[in-house]
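J.: If you scroll down you'll find the structure; I have some questions about it.
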Amino acid sequence: MNLTIQLLLNGLVAGSLYALVAVGFALIFGATRHFHISHAAVLSTAGYVTYLLTSNFGLPPALAVALALALAVLLGVLLVRFVYVPLNKRGGEGFILFLVSLGVLTVLDNVFTIGLGARPAKPYLGDWFHTVVPIGPFSLTAGQITIILLNVALFAGLVAAVEKTRAGKLIKAYSGNPEFFQVFGQRPMLVLVMVYAVGSLFAAVAGIHLAADTGMQPGLGEQYFIISIMAVFIGGIGSLRGAFVAAMALGILQNLLLLIMSAEWTLATVFAAFLVVMTLSPEGLQALKLNAPRRRKLA
Amino acid sequence: MFARRAFMAVSAAALVAGLSACGASTEGPAQGASEEISIAGLWATSGPSAVYGDWYGNAANLAVKEINDAGGLNGKTKINLTIVDTQAQPEPAVTALQRLLGEDVRFVESAFSSQTLALMPIAAQSKIPVMNGGAQSPLLAETGDFLFNTIPLIYKESEVLAKYLHDEEGMGKAAVLHTSDDGGVAAYEAFKETFEAAGGEVVAVESGKYQSTDFRSQLTKLKGSGADVLVVGAFGLDSNNIISQTREVGWDVQLANTSWVAIPEVLANPAAEGLIHTSIPFNPTDEFVAAYEEAYGEKPASGYIGNYYDGIKVFAQAYEKASQGGTVDPDGAAIMAAIKEIKTFESSYGSELAFDDQLVAERPISISEIVDGASKVTTENFGS
């Protein structure tokens, strides 16, 4: 029983990281249908930049983290403003956008690989990060507790913002029908910048945690991205809540599976479960009407 | 239209590349020894094991420079060393070797069990001598006639570690967390066998992928096993992550590993304090220390440096012997035969380098402990 609870706690940490990436991607994908695979690059950029700023430039951790977050957000915004939108105007859609995005991911990955020699880049955020916090007979590190809390707070904030604020309503309106949105004299660029900025911020938080925890390395962003898109698809495309719940569930499932198998097989098993879900219900678990019938909406 | 033009451009480029490759290979080794021979270093210069690759590269470059500065092999054949990054993985290593064979490489320094085991069938087929000074899988002793190891294989170290933990530290129950590459698996199997032979019991074992960063789940499972000691069957930054995360899951257990754990990242890790590990005593000659310090501005920090330096020197000595003073151009089989014949070589270790019948180095093994960020020998030449 003790083991189950500790694994559940570990699952919450893994789930939080998946959820941050997934919710960010769900927001972007839901609104734009851009298969923005460079989302993975935004995640790794945040981690690498934190490392560069703390280790090479000697900035205090808090400042480095703030700058890394800002830069990751900027990267997301620049991508949509100067790559996706111009491309889209010249008729590039769907698969073309995906390929370009994949190109950006490859280039950025390699820039950091060349620059830092593909070593795991592990920024030092202070001793507190790795301090063990006992929770009864169980324990997590302070960094892990922080990421769980941040994940919940950011998600709750996002849902509230989408529901309650004017910006959120604009995003919902655009997601529902982009052409109609323009007919009413609204500027789509504003919405695009908003979703990419917020989506990138979410991924960046996960990226910085991953870097500080075990080190950022080539391929790590992609690994988290793939699991997160699984969550987005399972949760139903366009649903922030769906993505969040599915990501948390995947993280917890992956850890609880350890009770019956060895660690190397858990991820493969999660993928197999994903295949089954997708075969039964290509639109995700929502379409199975497991919960109250709800039309697809952004949040 | 555009596609076709691009295709033609690509084929033209391929043709040119192909032709020039043919041109290069016809030059090949002619009668007598050549003016220059190519050798290669295949190891990780990126990824979690790159820290070893830095040492290997420094060592190999230094040895090659010394030989070339002295006029080359037999005083006339210069050595040209190419280092290729394999990330310690088999696939990139095999690709690199196949490419290098086309460039007439004559000797390869390799490392890491998985990649070296993958290279050996190809090397043996092409009769290319391979040296290993880092990998320790017992399978390396059974790869045929083209590999020599300047490092003892894992059983020698495991035996000493197991005996020490059981007899001296009084530990009866051990847990093992290892990576699933050949090196990690070998570390586990060798420890289990030797620890049980010493009278102990391996009460729990978990594994993780090489280069996976998060081992907390496995550690959480192992924590409940009641083990007296956790043996970390992993190297490079994987071992460092495991060491940190053992403490992070709140497990205050004695840690142990073999000589590969003594890398700067682990030594600097406060969680590694008190870790017991085997070590191969490396007391380099003053001459070697001075040469190394002049080249790299630091003292040689690890026996691995000695292994890869010695590897080149062994090859050079054997090459000179097999080439009969530069009158013939020896093939790989002749060079390997010369190594077997010479058998005992000078070494940067400050002691002789002697090979056993399977061309594995015989070296004494000590017990060390990580204290105040440094590895300190606690029992010299334990059990020997």
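J.: I'd like the residue in segment B:203-213 that is assigned to a loop (DSSP other than H, G, I, E, B) and under 18 Å from A:L257 (Cα atoms) and, out of all such residues, is nearest to the other protein chains (Cβ to nearest Cβ).
T.: Of everything passing the filter in segment B:203-213, B:K209 is nearest to the other protein chains (Cβ to nearest Cβ).
J.: Could you tell me how many of the residues in segment A:102-137 are in contact with a Phe, Trp or Tyr (Cβ under 9 Å, 6 or more places away or on another chain) and over 20 Å from A:L71 (Cα atoms)?
T.: Within segment A:102-137, residues that are in contact with a Phe, Trp or Tyr (Cβ under 9 Å, 6 or more places away or on another chain) and over 20 Å from A:L71 (Cα atoms) number 1.
J.: Could you grab me the full set of residues in segment A:171-191 that are in contact (Cβ under 8 Å) with a residue 24 or more places away in the chain and touching a Phe, Trp or Tyr at 6+ places or on another chain (Cβ under 8 Å)?
T.: Once the filter is applied, which keeps residues that are in contact (Cβ under 8 Å) with a residue 24 or more places away in the chain and touching a Phe, Trp or Tyr at 6+ places or on another chain (Cβ under 8 Å), segment A:171-191 yields A:Y174, A:V191.
J.: Among the residues that make up segment A:179-188, is at least one of them modelled with pLDDT under 85, more than 12 Å from the chain's Cα centre (by Cα) and among the small types (G, A, S)?
T.: yes
J.: Give the residue that is farthest from A:A203 (Cα to Cα), with candidates limited to residues of segment A:71-116 that are exposed (fewer than 15 other Cβ atoms within 10 Å of the Cβ) and among the small types (G, A, S).
T.: In this case the residue turns out to be A:G91.
J.: Further question: Can you say whether A:L190 is away from every other protein chain (no Cβ under 14 Å) and over 30 Å from B:A44 (Cβ atoms), as far as the supplied structure shows?
T.: Working: away from every other protein chain (no Cβ under 14 Å): yes; over 30 Å from B:A44 (Cβ atoms): yes.
The answer is yes for A:L190.
J.: I'm told A:E93 meets every condition in (1) under 30 Å from B:T45 (Cβ atoms); (2) without any contact (Cβ under 8 Å) to a residue 12 or more places away in the chain except one. Can you identify the failing condition by its number?
T.: Condition (1) is where A:E93 drops out.
J.: Can you tell me which residue in segment A:230-244 is farthest from A:M278 (Cα to Cα), limited to those that are of a type in the set (A, V, I, L, M) and crowded, with 22+ Cβ neighbours inside 10 Å?
T.: First pass over segment A:230-244, keeping only residues of a type in the set (A, V, I, L, M): A:230-232, A:234, A:237, A:240, A:243.
Subset that is crowded, with 22+ Cβ neighbours inside 10 Å: A:230-232, A:234, A:240, A:243.
Values: A:M230: 9, A:A231: 11, A:V232: 12, A:I234: 7, A:L240: 18, A:A243: 14 Å.
The extreme case among them is A:L240.
J.: For segment B:35-126, give me every one of the strands (runs of 3 or more DSSP E) that falls completely inside it and has 1 or more residues that are under 23 Å from B:A322 (Cα atoms), acidic (D, E) and out of contact with any helix residue (DSSP H, G or I) (no Cβ under 8 Å at 6 or more places or on another chain). Can you show your working first?
T.: On the way: elements: B:36-43, B:78-85, B:105-110.
The qualifying strands (runs of 3 or more DSSP E) are B:36-43.
J.: Scan segment B:160-213 residue by residue and report those that are touching a Ser or Thr at 6+ places or on another chain (Cβ under 6 Å), among the β-branched types (V, I, T) and at pLDDT 90 or above.
T.: Answer for segment B:160-213, where residues must be touching a Ser or Thr at 6+ places or on another chain (Cβ under 6 Å), among the β-branched types (V, I, T) and at pLDDT 90 or above: B:V160, B:T194, B:V203.
J.: Is it true that B:E36 is under 22 Å from B:A334 (Cβ atoms) and more than 13 Å from chain A (Cβ to nearest Cβ)?
T.: When the stated conditions are applied, B:E36 passes them.
J.: Counting residues that are among the aliphatic types (A, V, I, L, M), surrounded by 14 or more Cβ atoms within 10 Å (Cβ to Cβ) and touching a residue at least 40 places away in the same chain (Cβ under 8 Å), which helices (runs of 4 or more DSSP H) fully inside segment B:273-384 reach at least 3?
T.: B:303-322, B:332-342
J.: Across segment A:153-170, what is the number of residues that are in a helix (DSSP H, G or I), surrounded by fewer than 18 Cβ atoms within 10 Å (Cβ to Cβ) and free of Cβ contacts under 8 Å to residues at least 60 places away in the same chain?
T.: Counting residues in segment A:153-170 that are in a helix (DSSP H, G or I), surrounded by fewer than 18 Cβ atoms within 10 Å (Cβ to Cβ) and free of Cβ contacts under 8 Å to residues at least 60 places away in the same chain gives 9.
So that you can scan it fast, the table gives a plain yes or no per residue for (1) assigned to a helix (DSSP H, G or I); (2) away from chain B (no Cβ under 14 Å):
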position: A:A46; (1), (2): yes, yes
position: A:G92; (1), (2): no, yes
position: A:F98; (1), (2): yes, yes
position: A:I114; (1), (2): yes, no
position: A:T146; (1), (2): yes, no
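J.: Being touching a residue at least 60 places away in the same chain (Cβ under 8 Å), part of a loop (DSSP other than H, G, I, E, B) and under 13 Å from the mean Cα position of the chain (by Cα) is the filter here; which residues of segment B:127-147 pass it?
T.: Scanning segment B:127-147 gives B:G133, B:G134, B:Q136.
J.: Within segment A:1-42, how many residues are part of a helix (DSSP H, G or I), among the hydrophobic types (A, V, I, L, M, F, W, C) and within 14 Å of chain B (Cβ to nearest Cβ)?
T.: 9
J.: Considering only residues that are within 14 Å of chain B (Cβ to nearest Cβ), assigned to a helix (DSSP H, G or I) and surrounded by fewer than 24 Cβ atoms within 10 Å (Cβ to Cβ), which ones fall in segment A:196-219?
T.: Within segment A:196-219, A:T214 is the sole residue that qualifies.
Here is a yes/no grid of residues against (1) under 29 Å from the mean Cα position of the chain (by Cα); (2) among the β-branched types (V, I, T); (3) under 20 Å from B:A272 (Cα atoms):
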residue	(1), (2), (3)
B:E169	no, no, yes
B:T179	yes, yes, yes
B:R216	yes, no, yes
B:V232	yes, yes, yes
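J.: Go through (1) facing chain B (nearest Cβ under 9 Å); (2) surrounded by fewer than 19 Cβ atoms within 10 Å (Cβ to Cβ); (3) hydrophobic (A, V, I, L, M, F, W, C) for A:I135 and report which single condition fails.
T.: (1)
J.: While we're looking at this one, here's another question. Residue check: is A:S200 in contact with a helix residue (DSSP H, G or I) (Cβ under 9 Å, 6 or more places away or on another chain), under 18 Å from A:F35 (Cα atoms) and among the hydroxyl-bearing types (S, T, Y)?
T.: Values: in contact with a helix residue (DSSP H, G or I) (Cβ under 9 Å, 6 or more places away or on another chain): yes; under 18 Å from A:F35 (Cα atoms): yes; among the hydroxyl-bearing types (S, T, Y): yes.
Answer is yes for this residue.
J.: Another question, then. Being assigned to a loop (DSSP other than H, G, I, E, B), within 9 Å of chain A (Cβ to nearest Cβ) and buried (at least 22 other Cβ atoms within 10 Å of the Cβ) is the filter here, so list the residues in segment B:214-252 that pass it.
T.: Passing the criteria: B:F215, B:V249.
The values are calculated or read from the model by the stated rules, or taken from the named source; none is laboratory data. Fair warning: this is a prediction, and the values are worked out from it, not measured in the lab. Note: ideal-geometry Cβ built from the backbone for every residue, glycine included; neighbour counts use all protein chains shown.
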